[in-house]
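For reference, the structure discussed in these notes is given below.
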Amino acid sequence: KVVREIVAGEGVPPKSVKWDWLDKNGNIITPDRKYICRLSVKDSKGRSKTLYSDTINIFVTKREIRREHLIIVEFVFDEVTSLSDYLEARVYFLAEDIIKRISEKRLPRTITVVGHTDIIGDDARNMVLSEERALKEANYLRILLTFMNSLGSKERFFAWLSKNNVRWNVEGVGAKEPLVVKSFRDGTLSVRLIGDDLLPDGRSVNRRVVLELEEVIKNYK
């Protein structure tokens, strides 16, 4: 039984794929079952190959997690040039907020800078472009955090993250994740598409870099 098709399409396969542990209907998967991941690929000559992962066992750990997603910059089409100097300047205030949080309370945190594109163009080009956008903003954020903490070097910056139990990730996802708004009410997850690639405004908001901040507030035994 297929629980969820995570990604499908043509072009270069992605380096990694996220699964949010939801099935194809948007419901959380049953934890007492075993799962496998199947990867099927076919080249331009019609040759195909299917690979299977090891068995995935689900262990439920109760914890309280706070997740925040913030668009930090939007981009000119097919470029790594910011569409707005105002949005670019917001990175400075984000750096201040990150430092304040880390100094106030030492929690397990993950900072992820994610680059996106609209659907126009080649998949391989969009993947590279999204990675370039994410790296540009991540480097800018890293330089600000390094300067504001008087760390002096990239090595000392990553040592500071490690000391404070902070993971740092940078990734590009191409056009695979148009902007959506998710809400969970009465046990049902609803998803509303904001970045509709059929509309100019939708494509504009999809050309973005998002800062994702995850904090583990409490673990329950």
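The values are calculated or read from the model by the stated rules, or taken from the named source; none is laboratory data. Everything numeric in this text was worked out from a predicted model, so none of it was measured. Neighbour counts run over all protein chains shown; Cβ positions are idealised from the backbone, glycine included. Each accessible area value is taken on the protein alone, full model and side chains, heavy atoms only, with ligands, DNA and RNA left out. Shrake-Rupley method; radii C 1.70, N 1.55, O 1.52, S 1.80 Å.
Considering only residues in region 156-192 that are of a type in the set (Gly, Ala, Ser) and not in a strand (DSSP E or B), the one that is least open to solvent (accessible area, probe 1.4 Å) turns out to be Gly174. Just give me the residues in region 108-155 being closer than 21 Å to Asp97 by Cα, open to solvent by 50 Å² or more (accessible area, probe 1.4 Å) and of a type in the set (Val, Ile, Thr), in sequence order. Listed by number, the list holds a single entry, Ile143. Applying the criterion of being open to solvent by 90 Å² or more (accessible area, probe 1.4 Å) and either among the hydrophobic types (A, V, I, L, M, F, W, C) or in contact with a helix residue (DSSP H, G or I) (Cβ under 7 Å, 6 or more places away or on another chain) (or both) to the residues of region 11-29, the residue that is nearest to Asp43 (Cα to Cα) is Val12. All of (1) within 30 Å of Ala138 (Cβ to Cβ); (2) at pLDDT below 80 hold for Leu39 with one exception: (2). For region 71-100, a residue qualifies if it is within 24 Å of Val181 (Cβ to Cβ), open to solvent by 50 Å² or more (accessible area, probe 1.4 Å) and modelled with pLDDT of 80 or more, and the qualifying residues are Phe93, Asp97. Is it the case that region 200-210 has a residue that's buried (at least 18 other Cβ atoms within 10 Å of the Cβ) and assigned to a loop (DSSP other than H, G, I, E, B)? The answer is yes, given that some residue of region 200-210 is buried (at least 18 other Cβ atoms within 10 Å of the Cβ) and assigned to a loop (DSSP other than H, G, I, E, B).
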